[in-house]
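Let me begin by presenting the structure, written as C-alpha cells, before commenting on it.
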Amino acid sequence: MNDLRITLAQGSTRWHDPAGNRKYYGDLIGGLRGKTDLVLLPETFTSGFSNDAIAQAETMDGPTVAWLREQARALDAAVCGSVQLRVGNDVFNRLLFATPDGELRSYDKRHLFRFGREHERYAAGRDRLVVEWRDWRICPLVCYDLRFPVFSRNRYDVERPGQLDYDLLLYVANWPSARAYPWKTLLRARAIENLCYVAGLNRVGTDGNSLHYAGDSAVIDFLGHPVSECGDEDVVVTVTLQAKALAAHRERFPAMLDGDAFTLS
C-alpha cells in the first residue's frame, strides 16, 4: 500500500437545489487535481437531508451521476457522496463512489433514520460495499450507519487470508449539531475497534427544516487520535493517511485475531 490523500469537502448544502449544489461543490473541489486521491462530499449533497426531496430524485442516468463521473475524471481522484436516486418504484439514499476511469460503485443506506421518518419514504439497502482504490480497501457508509457497529465491523477477508476487509471506513453525513458529541465519539470508536482509519464528512449551516449542522468533520487514525478536525465553517481539507503506520499497528496489536466470527442477515 502507498499513502492515500483524502479530502473533506465540508460545505453548507443548498436546500432542494441540485444544480446549485453541483456548482457550489464543484467550485469547492475544483482546484484539487494532483493534490488528492479521494474526495468526500456530504450525505444528500444535492438537496440536504429532506424527505420532500424524494420528488426530485434522479435516476442513474441523471445529471448528478454524470457530474460525479466528470468530477472524478477532471480531478484524477475518486469522488464520493450520497444523493436520492430512484430505481424502479423505490428511492434510495445512495452513496456513489466514482473513479476517473468512469467506473461507478454504489451503496444504498441500510439504516434509515427513523426519528426523521426517513424509513417511511425511502427504501433501505442491504449489502455493505468495499471498494479497492489505489491499493486501499475502503468501506463507505452513510450517516446513521455510524451508530450500528455490527454492520461496519472489520472482519477477515476470505479472499485475502489473514487480512481485514478494509483499511479505511468512510461516513458521509447530515448530522445535526444537537448530537455532535455522539458523532465525534462514535467516529473514534469505529476507528479503534476496527483497526483502521475513519473519515467522517458532515455538512455545516442550517437546512430548510431549521436544523443546524456544526460540521465537525474529521479523519481519525487507528488509535482514535484525530489526524484532522474541522470546525463550523465551509472548508476543504486534505490529509495523508500513512499506510506503513497502519500496517505496523495491526502487526503490533492484532486484536482482530480474537474477533468473533459471525454472519449478518
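The values are calculated or read from the model by the stated rules, or taken from the named source; none is laboratory data. Just so it is clear, the structure is predicted and the values come from calculations on it, not from any experiment. So basically every Cβ, Gly included, is an ideal-geometry build from the backbone, and we count neighbours across all protein chains shown.
Counting only strands (runs of 3 or more DSSP E) that sit completely within the range 1-90, zero hold 3 or more residues that are of a type in the set (D, E, K, R), modelled with pLDDT under 95 and under 16 Å from the mean Cα position of the chain (by Cα). Filter the range 221-265 down to residues that are out of contact with any Phe, Trp or Tyr (no Cβ under 7 Å at 6 or more places or on another chain) and aromatic (Phe, Trp, Tyr) and give me whichever is nearest to residue 156 (Cα to Cα). Out of the qualifying residues, it is 262.
Quick check on the range 86-101. Is at least one of its residues more than 21 Å from residue 174 (Cα to Cα) and crowded, with 20+ Cβ neighbours inside 10 Å?
yes
Hey, can you tell me all the residues within the range 118-143 that are more than 15 Å from the chain's Cα centre (by Cα) and surrounded by fewer than 19 Cβ atoms within 10 Å (Cβ to Cβ)? Scanning the range 118-143 gives 119, 120, 121, 123, 124, 126, 127, 134, 135.
So which of 232, 260, 216 is among the charged types (D, E, K, R) and in contact with a helix residue (DSSP H, G or I) (Cβ under 6 Å, 6 or more places away or on another chain)?
Details: 232 fails: in contact with a helix residue (DSSP H, G or I) (Cβ under 6 Å, 6 or more places away or on another chain); 260 fails: in contact with a helix residue (DSSP H, G or I) (Cβ under 6 Å, 6 or more places away or on another chain).
So the residue among 232, 260, 216 that is among the charged types (D, E, K, R) and in contact with a helix residue (DSSP H, G or I) (Cβ under 6 Å, 6 or more places away or on another chain) is 216.
For the structure I just gave you, tell me whether residue 115 is of a type in the set (Phe, Trp, Tyr), more than 27 Å from residue 244 (Cα to Cα) and either part of a helix (DSSP H, G or I) or over 14 Å from the mean Cα position of the chain (by Cα) (or both). Outline the logic, then answer.
Numbers: of a type in the set (Phe, Trp, Tyr): yes; more than 27 Å from residue 244 (Cα to Cα): yes; either part of a helix (DSSP H, G or I) or over 14 Å from the mean Cα position of the chain (by Cα) (or both): yes.
The answer is yes for residue 115.
From the residues in the range 124-165 that are part of a strand (DSSP E or B) and in contact with a Lys or Arg (Cβ under 9 Å, 6 or more places away or on another chain), which one is modelled with the lowest pLDDT?
From the range 124-165, those part of a strand (DSSP E or B) are 131-133, 136-142, 156, 164; that's our starting set.
With in contact with a Lys or Arg (Cβ under 9 Å, 6 or more places away or on another chain) added as a condition, the list becomes 131, 137, 139-142, 164.
Numbers: 131: 98, 137: 97, 139: 98, 140: 98, 141: 98, 142: 98, 164: 93.
Of everything passing the filter in the range 124-165, 164 is modelled with the lowest pLDDT.
Given the criteria in contact with a helix residue (DSSP H, G or I) (Cβ under 7 Å, 6 or more places away or on another chain), assigned to a loop (DSSP other than H, G, I, E, B), touching a residue at least 12 places away in the same chain (Cβ under 8 Å) and of a type in the set (S, T, N, Q), does residue 209 qualify? No; evaluated as a whole, the condition is false for this residue. What about residue 155, is it in contact (Cβ under 8 Å) with a residue 60 or more places away in the chain and over 20 Å from residue 173 (Cβ atoms)? Spelling it out, residue 155 is indeed in contact (Cβ under 8 Å) with a residue 60 or more places away in the chain and over 20 Å from residue 173 (Cβ atoms). Checked across the range 199-219, the condition of being more than 20 Å from residue 41 (Cα to Cα), hydroxyl-bearing (Ser, Thr, Tyr) and surrounded by fewer than 21 Cβ atoms within 10 Å (Cβ to Cβ) holds for at least one residue.
Tell me which residues, restricted to the range 229-258, are of a type in the set (Gly, Ala, Ser) and surrounded by fewer than 16 Cβ atoms within 10 Å (Cβ to Cβ).
Within the range 229-258, the subset of a type in the set (Gly, Ala, Ser) is 231, 243, 245, 247-248, 255.
Correct list: 231, 245, 247, 248, 255.
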